[in-house]
Structure formats: C-alpha cells, structure tokens
Amino acid sequence: MTAAAGGMMEGQAMETVPDFPVADAAMPMEGRPPATSISNGLVWAIGCQSGHRPVRLNDEQITRALEGGSPASPDSWVWLHYDIVHTASRAHIQAIPCLPEEVRLALGSTDRGTNVEAEGDIVYGALPGFDDAMSEDDKNLSAWRFAVLPDLLITTRRQPVPALGVVYRALQRNESFDSPAEVVDHTLLEFADTVRRNIAMLDDQLDRAEDLLLTLDQHTDFGRISGLIGRVRRRSTELRRVISPVDRIFHNEDLELPEWAEDDIRDRSQRQIHAALDDLLALQDRARSLQDELASGQAEETNRRLYTVSIVTTLMLPATFVTGFFGMNTGGMFLASGGMGTVEAGGICFIFMMITWFLLKVMKLL
C-alpha cells in the first residue's frame with residue numbers, strides 16, 4: 001500500500017479538480033513521503049494534534065492508521081482524504097482493513113443521498129457540499145462521505161468540496177481541532193455559512209423584484225420580475241431539498257452517536273443547519289408572496305388593458321351601426337344626394353358616440 005499523494009498537495013495530485021490552493025511550503029517537511037503513485041486517490045494524509053501544526057504521513061504511518069494502529073500520542077489523530085472519481089480509488093477504499101464492510105461501501109458510494117449512521121465507535125455517512133465554481137450563484141451541490149473514529153477520519157469525494165479545503169487550511173494555521181469529529185462539524189458549519197450567503201444573495205434579488213413591483217406602472221417589465229422571482233424559487237428549492245434531510249437526520253431520535261462525537265457532530269451542527277433551514281423557509285415564503293403580488297399586478301394590468309379596449313369598442317359601436325346602415329345598397333337612402341352627405345353622416349356618428357359616452361357616465365361605467 002502506498003501513500004499515493006499523502007505528501008502531495010491537491011493541486012499536484014489532481015490538477016483539474018483541486019479542493020484548495022496550497023503551497024508546498026505551507027506544510028512541515030517532517031514525514032514527507034516520496035512522490036510515488038497516486039493511483040489510490042489519496043489527496044492528503046496528515047497527522048493532527050491539538051496545539052501543533054499537522055504533519056504529512058509517510059507510507060508506513062498511513063498503513064498503520066488504516067490497520068487500526070494506535071496513534072503516536074494519546075491526543076493525536078489522522079485525517080485521510082480520498083478522491084474516488086476513479087474505479088481504482090474505490091477499490092482501494094474497499095480494502096481498508098480497519099472499517100466494516102458497510103462503512104467501506106458507504107465511503108465508495110457514488111450516489112448523492114444524505115445520511116449519517118453510527119456503528120459502535122464509528123460514525124459514517126454522506127453530507128452535502130458545494131462545488132468549487134467561481135461565483136456563489138452558480139455553485140452546484142455535491143456530496144462528500146466520511147467515516148470517523150476517535151483517532152481517525154477518512155473522507156471521500158468525487159468532486160472538489162471547498163469546505164474541506166477550508167478546514168484543511170484552518171489546520172495549517174494551527175487552529176485547534178481536538179478530535180476528528182470537530183472536522184466534520186466545522187465542515188458542516190462552513191456548508192451552512194455558504195448556504196446563508198446564497199440565501200443573502202437570493203434575498204437581494206427579491207429586493208430588486210420588490211422594488212420593481214412597488215413602482216408598478218404601465219412601463220413595468222413583468223417578464224424581468226418574473227425571471228428574478230423564478231430564479232430565487234428554483235435555487236431555494238434546490239437548497240431546501242438538500243438541507244431538509246440533514247436537519248431531519250440531526251433531529252432523528254433513533255440516531256445514537258457515540259459519546260465522544262455527540263457534542264461535536266450533533267449539537268452545534270444541528271443548530272446551524274436548522275437556522276439555515278429557517279432562513280430558507282422564510283425566503284421561500286417571501287418569494288411566494290411576491291409571486292402572488294406579481295400575479296395580482298399582471299391581472300390588474302390585463303384588466304386595465306381589457307377595460308380600455310372595452311370602452312373604445314363601446315364608443316365605436318354606434319358609429320359602426322351608422323356606417324353599416326349607410327353602407328346598404330338600397331334605394332331611397334337619405335343624404336345620398338348633395339355634396340355634404342359624408343360630413344352629415346360623420347356628424348351623426350359623432351352625435352351617437354357622445355350619447356353613448358354620456359350614458360356610460362350616467363351609469364358610472366366610466
């Protein structure tokens with residue numbers, strides 16, 4: 001078993017799909033393995049200890065961790081992160097000796113379902129994340145998988161998950177993580193923060209749509225307003241479909257996490273995910289309200305135009321009757337002789353239109 005890229009940064013091992021930009025000099029040189037094969041998909045392999053910067057693990061240390069060996073010191077732990085885009089990488093995951101079969105299958109899974117399970121001292125499952133798109137509003141949702149023990153964390157992904165890179169950089173800055181469960185918690189918190197930033201941007205779009213609705217006039221672009229609200233509702237629905245299962249997982253009374261992981265994984269993450277879900281539901285309610293207001297505005301504009309057409313049609317009805325009457329090819333038609341017949345017929349049309357207008361006024365239809 002090789003360390004693959006245990007000592008290589010993601011940008012070197014998988015140039016097209018980095019989780020984060022890291023310089024080689026950012027990590028200590030201790031334990032750096034030789035630049036061997038990366039066929040097992042290992043993106044990074046680090047040993048962590050509270051109050052110390054992480055160190056890269058060599059082949060022997062990685063093998064010892066995967067076989068369930070005790071850490072070098074009681075308060076140290078290991079984090080192995082894999083890219084499972086290739087079949088060989090998944091096959092390597094299936095051969096990890098310290099994990100039960102169902103955990104190995106979960107780590108190598110390619111579906112996007114969200115779940116958290118506990119078996120003995122092992123907590124494993126799949127949690128949502130965003131991809132590494134350049135802008136916030138075009139980020140796609142993906143999933144990353146994990147298996148965590150008191151002294152070992154194994155994470156896998158098919159697409160880069162920047163939240164994991166954020167935690168990795170935090171470790172490089174010597175921020176304290178006392179257990180691997182805190183990495184899972186911190187990654188979830190980073191995901192919740194990204195969701196709330198998305199919600200803030202969607203809320204700004206609703207503000208623009210609301211401003212347009214409040215200045216409703218005959219020049220209002222209903223198509224633009226509808227497009228803004230439609231994008232917000234579509235994106236918020238995507239986010240809700242991902243966040244709701246995570247919130248249900250943490251509220252599931254049947255999920256019994258080990259005592260060492262209960263506080264880190266459940267408590268803080270549950271509050272943040274639930275708060276993000278509440279914000280999202282409030283955003284959806286606001287979007288639906290604006291959609292109803294938009295529909296009301298469109299109906300009002302349609303009624304106004306139909307009203308105008310109806311009035312014009314009503315006013316022209318007598319004139320239509322008169323012109324139809326004078327258009328009959330019958331003998332004895334009055335005004336047929338004389339040079340002012342057309343003017344006189346036009347005057348009759350105008351008189352009938354004024355009579356119709358007066359009647360509409362009296363009946364309060366105008």
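The values are calculated or read from the model by the stated rules, or taken from the named source; none is laboratory data. Keep in mind that what you see is a predicted model, and the values were worked out from it rather than measured. No Cβ is skipped: glycine too gets one built from the backbone with ideal geometry, and neighbour counts run over all protein chains shown. With ligands, DNA and RNA removed, areas are computed over all heavy atoms of the protein, side chains included. Shrake-Rupley method; radii C 1.70, N 1.55, O 1.52, S 1.80 Å.
Restricting attention to the range 46-73, and to residues there that are touching a helix residue (DSSP H, G or I) at 6+ places or on another chain (Cβ under 9 Å) and more than 16 Å from residue 176 (Cβ to Cβ), which single residue is least open to solvent (accessible area, probe 1.4 Å)?
57
Within the range 74-94, restricting attention to residues that are closer than 18 Å to residue 148 by Cα and assigned to a loop (DSSP other than H, G, I, E, B), which residue is least open to solvent (accessible area, probe 1.4 Å)?
The selected residue is 84.
So that you can scan it fast, the table gives a plain yes or no per residue for (1) closer than 21 Å to residue 66 by Cβ; (2) among the hydroxyl-bearing types (Ser, Thr, Tyr):
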| position | (1), (2) |
| --- | --- |
| 90 | yes, no |
| 105 | yes, no |
| 124 | yes, yes |
| 149 | yes, no |
| 185 | no, no |
| 188 | no, no |
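Within the bounds of the range 270-288, is there any residue that is assigned to a helix (DSSP H, G or I), under 29 Å from residue 143 (Cβ atoms), of a type in the set (S, T, N, Q) and at pLDDT 85 or above?
Let us first name the residues in the range 270-288 that are assigned to a helix (DSSP H, G or I), namely 270-288.
Keeping just the survivors that are under 29 Å from residue 143 (Cβ atoms) gives 270-288.
This time we only want the ones that are of a type in the set (S, T, N, Q), so: 270, 272, 284.
Imposing the further condition that a residue be at pLDDT 85 or above reduces the set to 284.
For the range 270-288, residues assigned to a helix (DSSP H, G or I), under 29 Å from residue 143 (Cβ atoms), of a type in the set (S, T, N, Q) and at pLDDT 85 or above: present.
Tell me which residues, restricted to the range 230-257, are within 16 Å of residue 270 (Cα to Cα) and either part of a helix (DSSP H, G or I) or under 14 Å from the mean Cα position of the chain (by Cα) (or both).
Filtering the range 230-257 down to residues within 16 Å of residue 270 (Cα to Cα) leaves 240, 242-257.
Matches in the range 230-257: 240, 242, 243, 244, 245, 246, 247, 248, 249, 250.
Name the residue that is surrounded by the fewest Cβ atoms within 10 Å (Cβ to Cβ), counting only residues in the range 155-185 that are part of a loop (DSSP other than H, G, I, E, B) and polar (S, T, N, Q).
Restricting attention to the range 155-185, the residues satisfying the condition of being part of a loop (DSSP other than H, G, I, E, B) are 158-161, 173-179.
This time we only want the ones that are polar (S, T, N, Q), so: 159, 174, 176, 179.
Numbers: 159: 17, 174: 10, 176: 12, 179: 22.
Only one residue fits best here, namely 174.
If you go through the range 112-121 one residue at a time, do you hit one that is in a loop (DSSP other than H, G, I, E, B), out of contact with any Ser or Thr (no Cβ under 9 Å at 6 or more places or on another chain) and surrounded by 17 or more Cβ atoms within 10 Å (Cβ to Cβ)? Even if it seems obvious, please write down each step before you answer.
Going residue by residue through the range 112-121, those that are in a loop (DSSP other than H, G, I, E, B) are 112-114, 120-121.
With out of contact with any Ser or Thr (no Cβ under 9 Å at 6 or more places or on another chain) added as a condition, the list becomes 113-114, 120-121.
Those still in the list that are surrounded by 17 or more Cβ atoms within 10 Å (Cβ to Cβ) too: 114.
Scanning the range 112-121, I find at least one residue that is in a loop (DSSP other than H, G, I, E, B), out of contact with any Ser or Thr (no Cβ under 9 Å at 6 or more places or on another chain) and surrounded by 17 or more Cβ atoms within 10 Å (Cβ to Cβ), so the answer is yes.
Tell me which residues, restricted to the range 163-208, are touching a residue at least 40 places away in the same chain (Cβ under 8 Å) and polar (S, T, N, Q).
172, 174, 176, 179, 187, 194, 198 - these are the residues of the range 163-208 that are touching a residue at least 40 places away in the same chain (Cβ under 8 Å) and polar (S, T, N, Q).
Go through the range 284-302 and count every residue that is under 20 Å from the mean Cα position of the chain (by Cα) and over 20 Å from residue 201 (Cβ atoms).
Summing the residues that are under 20 Å from the mean Cα position of the chain (by Cα) and over 20 Å from residue 201 (Cβ atoms) in the range 284-302 gives 0.
Which of the following residues is open to solvent by less than 20 Å² (accessible area, probe 1.4 Å), under 30 Å from residue 295 (Cβ atoms) and within 24 Å of the chain's Cα centre (by Cα): 213, 188, 206? Quick ask: steps written out before the conclusion?
Working: 213 fails: within 24 Å of the chain's Cα centre (by Cα); 188 fails: under 30 Å from residue 295 (Cβ atoms).
206 is the lone residue from the list that is open to solvent by less than 20 Å² (accessible area, probe 1.4 Å), under 30 Å from residue 295 (Cβ atoms) and within 24 Å of the chain's Cα centre (by Cα).
Does the range 81-89 contain any residue that is closer than 21 Å to residue 42 by Cβ, at pLDDT below 85 and more than 29 Å from the chain's Cα centre (by Cα)?
Taking every residue of the range 81-89 in turn, at least one turns out to be closer than 21 Å to residue 42 by Cβ, at pLDDT below 85 and more than 29 Å from the chain's Cα centre (by Cα).
Any residue in the range 95-109 that is under 18 Å from residue 127 (Cβ atoms) sitting within a Cβ distance under 8 Å of a residue that is assigned to a helix (DSSP H, G or I) and modelled with pLDDT under 90? List the pairs, counting only those 6 or more apart or interchain.
99/107; 104/93; 104/94; 105/94; 107/93; 108/90; 108/93; 108/94
What residue, of 104, 173, 112, is farther than 21 Å from residue 272 by Cα and either acidic (Asp, Glu) or within 19 Å of the chain's Cα centre (by Cα) (or both)?
Details: 104 fails: either acidic (Asp, Glu) or within 19 Å of the chain's Cα centre (by Cα) (or both); 173 fails: either acidic (Asp, Glu) or within 19 Å of the chain's Cα centre (by Cα) (or both).
Of the residues listed, the single one that is farther than 21 Å from residue 272 by Cα and either acidic (Asp, Glu) or within 19 Å of the chain's Cα centre (by Cα) (or both) is 112.
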